[in-house]
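S.K.: Sharing a structure here in structure tokens format.
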Amino acid sequence: MVVKSGKCIFCNKCGVENTEDAKYCQECGNEIVKNQSNDSKIDDIKSNNKNLNEKSPLGAAALNLIIAGAGFIYIHEYAKAVLSFIIVFLAGIISFAMGLSLLLSVLALILIMAWSYDETKKYNKNLT
Ligand SMILES: [Zn+2]
């Protein structure tokens, strides 16, 4: 058994710390075998945590229907949330001024939803 900790590997024979890419222990010359099952266990834990922290892109998109930009608050992108809200709000004003009712506002909202969906996917990708 070789215990892996950070970027170092501990020799199972003498317990001396070796660099991650070492093939043989620098102290006793014991062959260092990377413990694959241990690694995959760590990866499993990581991916479990990742799943817990993952946000639903569709959920984020849908949140914008309640309040424009809410999908960005969901992924802690507050500046984008405010920007989205302003875009939809301004689109609404321009829409009314042009006599288009809320048409532009609705179009802006659809774009924001698509953007929010995309950003949430990126957010999930960046989770480690
Ligand atoms: Zn050793």
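The values are calculated or read from the model by the stated rules, or taken from the named source; none is laboratory data. It should be emphasised that the depicted structure is a prediction, and the values quoted were computed from it without experimental measurement. Here Cβ is always computed from backbone atoms with ideal geometry, including for glycine, and neighbour counts include all displayed protein chains.
S.K.: So Cys14 ticks every box in (1) touching a Phe, Trp or Tyr at 6+ places or on another chain (Cβ under 9 Å); (2) at pLDDT 85 or above; (3) within 16 Å of the ligand (Cβ to nearest atom) but one. Which box is left unticked?
M.R.: Failing condition for Cys14: (1).
S.K.: Working only within the range 91-122, note down all residues that are surrounded by 20 or more Cβ atoms within 10 Å (Cβ to Cβ) and among the β-branched types (Val, Ile, Thr).
M.R.: Those that are surrounded by 20 or more Cβ atoms within 10 Å (Cβ to Cβ) and among the β-branched types (Val, Ile, Thr): Ile112, Thr120.
S.K.: Determine the pairs where a residue that is of a type in the set (Lys, Arg), located within the range 47-75, has a partner that is in a helix (DSSP H, G or I) and surrounded by fewer than 18 Cβ atoms within 10 Å (Cβ to Cβ) with Cβ atoms under 8 Å apart, the partner being 6 or more residues away or on another chain.
M.R.: Listed pairs, sorted by first residue: Lys50/Asn124; Lys55/Asn124.
S.K.: Among the residues of the range 81-88, is any within 19 Å of the chain's Cα centre (by Cα), modelled with pLDDT of 80 or more and away from the ligand (no atom under 16 Å from the Cβ)?
M.R.: Taking every residue of the range 81-88 in turn, at least one turns out to be within 19 Å of the chain's Cα centre (by Cα), modelled with pLDDT of 80 or more and away from the ligand (no atom under 16 Å from the Cβ).
S.K.: Residue under question is Leu102, and the condition is that it be farther than 30 Å from Lys46 by Cα and not aromatic (Phe, Trp, Tyr); does it hold?
M.R.: In short, yes.
S.K.: Mind checking which residues of the range 60-72 are in a helix (DSSP H, G or I) and either touching a Gly at 6+ places or on another chain (Cβ under 8 Å) or crowded, with 18+ Cβ neighbours inside 10 Å (or both)?
M.R.: Ala60, Ala61, Ala62, Leu63, Asn64, Ala70, Gly71, Phe72
S.K.: Here's another thing I want to ask about it. What residue, of Ile93, Ile45, is under 30 Å from Asp118 (Cα atoms), at pLDDT below 90 and more than 15 Å from the ligand (Cβ to nearest atom)?
M.R.: Step by step, each of Ile93, Ile45 is checked, and only Ile45 is under 30 Å from Asp118 (Cα atoms), at pLDDT below 90 and more than 15 Å from the ligand (Cβ to nearest atom).
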